[in-house]
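Below is one structure, written out as structure tokens, with a few remarks after it.
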Amino acid sequence: MRRRAVLLVALLVAGCGGGGATKTTTTATTPALRAASDCGAPSGFRCVAFTVPLHRRGPQRGDGKTLTLRAAVQDVPAAPKGDLLFLAGGPGQAGIPFAARLASRLRNSIAGYRLVIVDQRGTGANALRCEALQREAGTSDIAVPSERAVRECGETLGAARDAYATADTVADLELLRRALGRRSWVVGGISYGTFVAERLALAHPATVSKLVLDSVVPQAGAELLLRDPQRAVGRVLHDVCGARCVSDLRALLRRDGPLGPRVLDALVARSIGVPRLDGVGAVLRAAVTTDRRPLEAFLRIDDAAPPALFSSGLHAATLCADSPAPWSDGSGATTAVRNSAADAQQARMGPRATDPFPVSTAVDQGLFVTCRAWPRTAAPPSPDPLARIAAPALLLAGDRDLSTPLEWARGQAALMPHAHLVTVAGAGHSVLSRERGRTGRDALRDFLA
């Protein structure tokens with residue numbers, strides 16, 4: 001669901017989910033791919049560009065404005081099994097800067113395929129730039145930005161705010177497939193990239209032959225309240241440091257409830273890549289008994305990242321357009337409707353909804369705060385959240401991932417009659433990119449074979 005600057009050079013993707021449409025509208029003609037020399041594609045890839053409409057719905061539709069998107073296509077002598085499109089996460093992360101690492105990491109698992117990596121709209125060279133939000137939120141879902149920074153970003157985007165839902169990316173990818181001349185392809189992704197892949201399979205089922213979903217965001221999206229990740233903290237901490245560890249967290253937050261979002265943020269960050277949670281028990285024990293200094297060190301995290309690698313503006317625009325909210329009409333709701341629904345939701349939630357965190361954490365963490373303050377924007381249509389995805393699918397989940405918890409992967413697998421879920425013990429977020437062993441990559445090799 002999120003991305004940390006310290007991990008940007010090591011991880012392919014992360015992020016949580018957005019939305020989509022039951023039927024994606026594309027332009028009548030297939031765009032021509034053209035060579036591009038400025039996309040930063042690594043050795044072993046060629047860089048191509050293609051043009052897509054900026055607006056596909058709303059009052060700006062048909063205004064002639066376009067975006068030029070870039071993709072890196074692997075140079076291979078032959079690809080008898082076809083193309084494997086792999087999607088970065090965030091939303092907001094560019095994909096092409098990580099093409100070389102992905103190709104190297106998966107080399108023995110994807111033999112016979114040609115790897116295709118794309119910078120999704122609003123990322124890379126097209127990154128949405130919101131200076132204050134980038135500085136305050138960084139790469140985190142949970143860090144809490146000021147309302148001023150959120151509104152300033154939305155107002156800076158102006159009429160383009162409605163052009164960055166997941167449905168728009170889905171339509172872009174369908175045009176890319178046609179431009180590549182493929183009748184179908186295998187589609188994979190990590191974190192938010194899994195959500196885009198799911199929505200692509202729902203919108204164009206005949207063109208997606210298989211799905212590879214690593215660190216799964218459910219097809220309905222990641223709800224703004226983030227209740228599942230909060231509850232997953234109890235399970236993971238119990239495995240890492242025992243029942244007392246979980247009790248210490250509850251005790252800490254009973255004393256200092258407003259600390260909840262910072263603690264959640266730090267725990268989620270340390271579950272990305274190779275988990276770094278082994279010392280958390282001692283930190284929590286000290287915080288509730290003698291010394292809070294280790295806790296303060298634990299909570300300090302560097303979120304800085306340039307927009308070209310991770311765009312906080314796109315992150316907000318996409319998630320606020322598409323994530324399930326406790327108010328009707330999503331991002332199209334008025335401020336009064338949002339505030340009323342948020343207050344009512346908080347009053348209805350019992351302590352088990354977010355345990356071991358207090359209920360206040362759900363409404364005080366950054367994703368909820370951001371989308372509560374995001375300027376009113378027409379919400380995109382979305383598919384049936386219980387629609388079935390028929391394509392054969394491999395789902396990979398680290399059992400210590402708190403960004404896209406195992407519970408999400410299990411729920412998504414239940415909606416996919418041909419899904420195979422592999423849970424990797426001891427792994428965190430981004431199994432294929434960062435797992436210490438080979439469980440995920442071996443599963444991928446067998447699935448693609």
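Could you look through the range 229-272, keep only residues that are β-branched (Val, Ile, Thr), assigned to a helix (DSSP H, G or I) and out of contact with any Pro (no Cβ under 7 Å at 6 or more places or on another chain), and pick out the one that is farthest from Pro358 (Cα to Cα)? Break it down stepwise before answering.
Kept after step one, since they are β-branched (Val, Ile, Thr), are these residues of the range 229-272: 233, 236, 240, 246, 263, 268, 272.
When the remaining residues are screened for being assigned to a helix (DSSP H, G or I), the result is 233, 236, 240, 246, 263, 268.
Now restrict to residues that are out of contact with any Pro (no Cβ under 7 Å at 6 or more places or on another chain): 236, 240, 263.
Numbers: Val236: 17, Val240: 21, Val263: 12 Å.
Applying the filter and picking the extreme gives Val240.
Can you confirm whether Ala111 is surrounded by fewer than 24 Cβ atoms within 10 Å (Cβ to Cβ), in contact with a Pro (Cβ under 7 Å, 6 or more places away or on another chain), assigned by TED's automatic domain parsing to the domain that holds Cys39 and more than 30 Å from Pro258 (Cβ to Cβ)?
Values: surrounded by fewer than 24 Cβ atoms within 10 Å (Cβ to Cβ): yes; in contact with a Pro (Cβ under 7 Å, 6 or more places away or on another chain): no; assigned by TED's automatic domain parsing to the domain that holds Cys39: yes; more than 30 Å from Pro258 (Cβ to Cβ): yes.
No.
Candidates in the range 200-228 are the residues that are aliphatic (A, V, I, L, M), touching an Asp or Glu at 6+ places or on another chain (Cβ under 9 Å) and assigned to a strand (DSSP E or B); of these, the one that is nearest to Ile272 (Cα to Cα) is Val216. Within the range 48-59, residues that are at positive phi reach partners that are outside any strand (DSSP E or B) and modelled with pLDDT of 90 or more with beta carbons closer than 8 Å, at six or more positions or on different chains, in the pairs Gly58/Asp162; Gly58/Ala378. Cβ separations smaller than 6 Å between residues 6+ apart or across chains give the following pairs from the range 97-114 residues that are part of a helix (DSSP H, G or I) to residues that are surrounded by fewer than 21 Cβ atoms within 10 Å (Cβ to Cβ) and not basic (Lys, Arg): Ala99/Pro42; Ala100/Pro42.
In this structure, does Ala179 turn out to be in contact with a Leu (Cβ under 6 Å, 6 or more places away or on another chain), part of a helix (DSSP H, G or I) and assigned by TED's automatic domain parsing to the domain that holds Pro80? Spell out how you get there, then give the answer.
Details: in contact with a Leu (Cβ under 6 Å, 6 or more places away or on another chain): yes; part of a helix (DSSP H, G or I): yes; assigned by TED's automatic domain parsing to the domain that holds Pro80: yes.
So Ala179 fits the description; yes.
Candidates Pro229, Pro258: the one that is within 28 Å of Arg338 (Cβ to Cβ), surrounded by fewer than 19 Cβ atoms within 10 Å (Cβ to Cβ), in contact (Cβ under 8 Å) with a residue 40 or more places away in the chain and outside the structural domain of Leu395 (by TED's automatic domain parsing) is Pro258.
All conditions in (1) modelled with pLDDT under 95; (2) farther than 28 Å from Thr123 by Cα hold for Ser382, with the sole exception of (2). Scanning the range 123-171 for residues that are among the acidic types (Asp, Glu) and either farther than 30 Å from Thr30 by Cα or surrounded by fewer than 23 Cβ atoms within 10 Å (Cβ to Cβ) (or both) gives Glu131, Glu136, Asp141, Glu147, Glu152, Glu155.
Modelled with pLDDT of 95 or more, outside the structural domain of Val217 (by TED's automatic domain parsing) and more than 16 Å from Ala127 (Cβ to Cβ), is that true of Ala336?
Working: modelled with pLDDT of 95 or more: yes; outside the structural domain of Val217 (by TED's automatic domain parsing): yes; more than 16 Å from Ala127 (Cβ to Cβ): yes.
Yes.
List the helices (runs of 4 or more DSSP H) that sit entirely inside the range 316-384 and contain at least 1 residues that are without any contact (Cβ under 8 Å) to a residue 24 or more places away in the chain and out of contact with any Pro (no Cβ under 8 Å at 6 or more places or on another chain).
So the answer is 335-348.
Looking across the range 115-139, just one residue is more than 26 Å from Leu173 (Cβ to Cβ) and either touching a strand residue (DSSP E or B) at 6+ places or on another chain (Cβ under 7 Å) or not in a helix (DSSP H, G or I) (or both), and that is Gly138.
Among the residues of the range 206-216, are any within 25 Å of the chain's Cα centre (by Cα), closer than 30 Å to Ser184 by Cβ, buried (at least 23 other Cβ atoms within 10 Å of the Cβ) and of a type outside the set (A, V, I, L, M)? If you could, list the steps in order and put the result at the bottom.
Step one: filter the range 206-216 for residues within 25 Å of the chain's Cα centre (by Cα), giving 206-216.
Then drop every residue that is not closer than 30 Å to Ser184 by Cβ, which leaves 206-216.
Checking the rest, the ones that are also buried (at least 23 other Cβ atoms within 10 Å of the Cβ) come to 208, 211-216.
Add one more test, that the residue is of a type outside the set (A, V, I, L, M), and what stays is 214-215.
Scanning the range 206-216, I find at least one residue that is within 25 Å of the chain's Cα centre (by Cα), closer than 30 Å to Ser184 by Cβ, buried (at least 23 other Cβ atoms within 10 Å of the Cβ) and of a type outside the set (A, V, I, L, M), so the answer is yes.
Checked against the criterion of being at pLDDT 75 or above, under 26 Å from Gly138 (Cβ atoms) and buried (at least 22 other Cβ atoms within 10 Å of the Cβ), the candidates Cys39, Cys16 yield just one match: Cys39.
Being assigned by TED's automatic domain parsing to the domain that holds Arg56, in contact with a Phe, Trp or Tyr (Cβ under 8 Å, 6 or more places away or on another chain) and either surrounded by fewer than 22 Cβ atoms within 10 Å (Cβ to Cβ) or farther than 20 Å from Gly260 by Cβ (or both) is a description that applies to Leu394.
Among the residues of the range 280-287, is there at least one that is in contact with a Phe, Trp or Tyr (Cβ under 8 Å, 6 or more places away or on another chain), more than 30 Å from Gly124 (Cα to Cα) and of a type outside the set (D, E, K, R)?
Taking every residue of the range 280-287 in turn, at least one turns out to be in contact with a Phe, Trp or Tyr (Cβ under 8 Å, 6 or more places away or on another chain), more than 30 Å from Gly124 (Cα to Cα) and of a type outside the set (D, E, K, R).
For the range 289-324, give me each residue that is hydrophobic (A, V, I, L, M, F, W, C), in contact with a Leu (Cβ under 7 Å, 6 or more places away or on another chain) and surrounded by 24 or more Cβ atoms within 10 Å (Cβ to Cβ). Reasoning before the result, please.
To start, the set of residues in the range 289-324 that are hydrophobic (A, V, I, L, M, F, W, C) comprises 295, 297-299, 301, 304-305, 308-310, 314, 316-317, 319-321.
Applying the additional criterion that residues be in contact with a Leu (Cβ under 7 Å, 6 or more places away or on another chain) yields 305, 309-310, 314, 316-317, 319.
Within the range 289-324, Phe310, Leu314, Ala316, Ala317, Leu319 meet the criteria.
Checking the condition modelled with pLDDT under 95, farther than 26 Å from Val431 by Cβ and more than 27 Å from the chain's Cα centre (by Cα), which residue from Asp248, Asp291 passes? Please lay out each step first, then the result.
Details: Asp248 fails: modelled with pLDDT under 95.
Of Asp248, Asp291, the one residue that is modelled with pLDDT under 95, farther than 26 Å from Val431 by Cβ and more than 27 Å from the chain's Cα centre (by Cα) is Asp291.
For residues that are charged (D, E, K, R) and without any contact (Cβ under 8 Å) to a residue 40 or more places away in the chain, scanning just the range 271-315, find the one that is nearest to Arg101 (Cα to Cα). Ranking the qualifying residues of the range 271-315, first place goes to Arg276. When the range 296-308 is filtered for residues that are modelled with pLDDT of 95 or more and either under 20 Å from Asp239 (Cα atoms) or part of a loop (DSSP other than H, G, I, E, B) (or both), only Phe298 remains.
Taking the conditions exactly as written (aliphatic (A, V, I, L, M), closer than 30 Å to Thr439 by Cβ, in contact with a Gly (Cβ under 8 Å, 6 or more places away or on another chain) and at pLDDT 95 or above), does Leu396 satisfy them or not? Steps first, please.
Values: aliphatic (A, V, I, L, M): yes; closer than 30 Å to Thr439 by Cβ: yes; in contact with a Gly (Cβ under 8 Å, 6 or more places away or on another chain): yes; at pLDDT 95 or above: yes.
Yes: the conditions hold for Leu396.
The values are calculated or read from the model by the stated rules, or taken from the named source; none is laboratory data. Computed from a predicted structure; not experimentally measured. Methodologically, a virtual Cβ is constructed for each residue, glycine included, from the backbone with ideal geometry; neighbour enumeration extends over all protein chains shown.
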